[in-house]
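The values are calculated or read from the model by the stated rules, or taken from the named source; none is laboratory data. Everything quoted here is computed from the prediction, not taken from an experiment. Backbone-built Cβ (ideal geometry, glycine too); neighbour counts: all protein chains shown. Surface accessibility is based on the protein's heavy atoms, side chains included, excluding ligands, DNA and RNA. Shrake-Rupley method; radii C 1.70, N 1.55, O 1.52, S 1.80 Å.
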Amino acid sequence: PPRKSTSIADKIVRANVAIDRVDGNLAKFQVLMSIQQNDARLFYGLLRSNLDKFLRLVYTPTIGDACLNWGTVYPTPSALYVTSEDRGNVLNVVNQWPYQNVKIAVITDGHRILGLGDLGCHGMGIPVGKSIVYSACGGLPPEWLLPITLDVGCNNEKFRNSDYYVGLLQNRITGNQYFQLVDELIQSLQSKFGANILIHFEDFSAKNAFGFLQRYSNAGVS
């Protein structure tokens, strides 16, 4: 390591310089994701040092551009993907998450991302960004947050067939198949992290969102 030790305040100043020298908000987002993966304490200290500056880089409006380009965003933020091919095996997928003290799961299926429409699994930027907001603004420990994308396909054929799309190459599953998969995910999260885990649904279609309200409001899902 360098001979000169630096305080967290010094590191925040240096990180600001590194971000300011990068052109374009998407490039700044990628620098921030690199900092997050390498030094979470520095990352959240940096965000809290200037929320007005950094929230727009880790969430809206920049997160929309990040979603559109998710297949080429490096480093890829830590998050969990559950696909329609995981039916019957979702608990095993959830058990792969390395943190045991999750309190909030932020979930999307990418169907209605901001004003961009159906982006399929590239909607992962939304739960990633919202989890960061919970920690940066709410003071929650990052390991309490679990960003999840439910990849059930994408009906935006042009987007789905682009060279860098990383999700399932199929139209969305619907009806009972879809809701049974969501049921399995909720049950798996409650099994691993406890019945009191908060489930935050984000950017689902209105039809499915209302379906969740009817399905889960009396089922002990908060």
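Annotations for the structure displayed:
- Relative to the longest principal axis of the Cα atoms of the chain, helix 125-138 runs at roughly 60 degrees.
- Mean separation of Cα contacts under 8 Å, 6 or more apart, over the residue count of the chain: relative contact order %: 21
- Net charge contributed by nearby residues that have their C-beta within less than 14 Å of ILE104 (K/R +1, D/E -1): +1
- Aspartates and glutamates whose Cα lies under 18 Å from that of LYS28, excluding same-chain neighbours fewer than 8 positions away: ASP20, ASP39, ASP52, ASP65
- Principal-axis analysis of the Cα atoms of the chain puts helix 206-216 at an angle of about 80° to the longest axis.
- Accessible surface of the chain, 1.4 Å probe, proportion on carbon and sulfur as whole %: 50
- Extension gain, TYR99 back to ALA18 (0.36 nm per residue minus Cα-Cα distance, nm): 26.2 nm
- Three semi-axes of the equivalent ellipsoid, region 1-52, Cα gyration tensor, whole Å, largest first: 19, 12, 11
- Region 25-156 shape via C-alpha gyration tensor axes, a/c threshold 1.5: oblate
- Think of a 1.4 Å ball rolled over the protein heavy atoms: the chain then has 50 Å² of accessible area per residue.
- Sorting LYS158, LYS11 by solvent-accessible area of protein heavy atoms yields LYS158, LYS11, largest first, with a 1.4 Å probe.
- Each residue of region 82-96 is assigned a 3J(HN,Hα), and the resulting list reads 10, 10, 5, 7, 8, 3, x, 9, 5, 4, 5, 5, 4, 5, 6 Hz, derived from the Karplus form 6.51 cos²θ - 1.76 cosθ + 1.60 (θ = phi - 60°), x at Gly and Pro.
- Using a probe of 1.4 Å, the accessible surface attributed to TRP144 totals some 80 Å² when neighbouring protein chains are kept in position.
- Rg and Dmax [Cα atoms of region 1-100; Å; Rg one decimal, Dmax integer]: 16.5, 53
- Acute angle (nearest 10 degrees) that the helix 8-20 long axis makes with the longest principal axis of the chain, alpha-carbon atoms: 80
- Cβ-based net charge around ARG87, under 11 Å, with every Lys or Arg adding one and every Asp or Glu removing one: -4
- Environment charge at ASN208 (Cβ cut-off 11 Å; Lys +1, Arg +1, Asp -1, Glu -1): +2
- Between LYS192 and SER49, the modelled label-to-label distance comes to 3.4 nm, taking each label 7 Å out from Cα in the direction of the beta carbon.
- Per-pair calculated FRET efficiency, R0 = 45 Å: GLN37 and PHE210 via Cβ, rounded to 0.05: 0.80
- Enclosed volume per residue, in Å³, of the convex hull spanned by Cα atoms of the chain: 134
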